[in-house]
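Asker: Shown below is the structure under consideration.
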Amino acid sequence: MPTSVYKSPMNRAALAILPVLASAAAWGFELDLAGAGGPLQIQASRSIEWRRDENVYIADGNVRAERGGLVLEAEMVRAHYRPDEEGKTQVDRIEALGGVTISSPDGTANGGEATYDLNRSLIVMRGGDLALRTAEYRITARGSLELHQNENYAVARGAARAVRAEESVSAETMVLRFEDTDEGGLAARRLEVFGQVEVRSGENIVTGERGFYDTKALTAEICGNVRLQQGPNRMAGECAELDLAKGRSRLVAGAGQRVSGLFEPGETDLAPAQ
């Protein structure tokens, strides 16, 4: 998988912007962050407000927060804070509401709203057209998108789908696990899927209940009432082992079960590899 939106726009830069957003709103449209990635600029078409009795800063109206190559846009941004033992402001939670977009040269994340829990290093996006976009992949969900900064993984819930060219992986819940790349970023190397799983590659379709997909090796294992369709051919078993790069598949029977297949005449070249 290419360098992920999870680290570049969400993990590396976005998580640097959000904790200081409240301070930028309180002091003006630009905060000098010398030695910490440069200044943060914030603009709002209506107002930037501080509510001391509620411990919150609010930027309202076509809010745009920018730092370096990253841009956070939303209709409203709220930063909830508390004073620490030294009397300094500590932001606990950031809320971005209304048409939220977080973008950088590496990718874009969209949703109707976003919440960032700084104590847990967790961003949750809901509503709107939920999507993570990178140079090659587009990942969507109907429920929520969770970005776990410290553990380097993301979770898409509710009709989750990852698409790249003619490949797609769908499931009710999808966990994307990231690892470092040679370029210094993060890339999703493993998709773990649960519930109503479907893997498509060209005319090949595999369905099951759970499994994983290695995005680098292009291999997958799907288990639980598996059905494999290759053109007009149909096969069934407990687990399917797939090598999408080499065009190979293997069906495995469960305990006390048998593997079955229906092969149309003239299409025997699509039978599972031995």
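Asker: Kindly indicate which of V124, V155 is within 20 Å of R189 (Cβ to Cβ) and either in contact (Cβ under 8 Å) with a residue 60 or more places away in the chain or assigned to a strand (DSSP E or B) (or both).
Answerer: Going through V124, V155 in turn, just one is within 20 Å of R189 (Cβ to Cβ) and either in contact (Cβ under 8 Å) with a residue 60 or more places away in the chain or assigned to a strand (DSSP E or B) (or both): V155.
Asker: Can you tell which of V193, V169 is in a strand (DSSP E or B), within 19 Å of R133 (Cβ to Cβ) and among the hydrophobic types (A, V, I, L, M, F, W, C)?
Answerer: That would be V169, the only listed residue that is in a strand (DSSP E or B), within 19 Å of R133 (Cβ to Cβ) and among the hydrophobic types (A, V, I, L, M, F, W, C).
Asker: Among the residues of segment 185-204, is any on the phi > 0 side of the Ramachandran plot and touching a Cys at 6+ places or on another chain (Cβ under 9 Å)?
Answerer: no
Asker: Just give me the residues in segment 196-209 being in contact (Cβ under 8 Å) with a residue 24 or more places away in the chain and either assigned to a strand (DSSP E or B) or crowded, with 16+ Cβ neighbours inside 10 Å (or both), in sequence order.
Answerer: If the condition is that a residue be in contact (Cβ under 8 Å) with a residue 24 or more places away in the chain and either assigned to a strand (DSSP E or B) or crowded, with 16+ Cβ neighbours inside 10 Å (or both), then Q196, V197, E198, V199, R200, S201, N204, I205, V206, G208 are the ones that fit.
Asker: Would you confirm, using the coordinates I've provided, whether L145 is crowded, with 19+ Cβ neighbours inside 10 Å and either in contact (Cβ under 8 Å) with a residue 12 or more places away in the chain or within 14 Å of the chain's Cα centre (by Cα) (or both)?
Answerer: Yes, satisfied.
Asker: Could I ask something else about it? Does G143 fit the bill of being touching a Leu at 6+ places or on another chain (Cβ under 6 Å), under 19 Å from L176 (Cα atoms) and modelled with pLDDT of 80 or more?
Answerer: no
The values are calculated or read from the model by the stated rules, or taken from the named source; none is laboratory data. Note that this is a predicted model, so its numbers are computed, not measured. For neighbour counting, all protein chains shown are included, and Cβ atoms are generated from backbone atoms with ideal geometry for every residue, glycine included.
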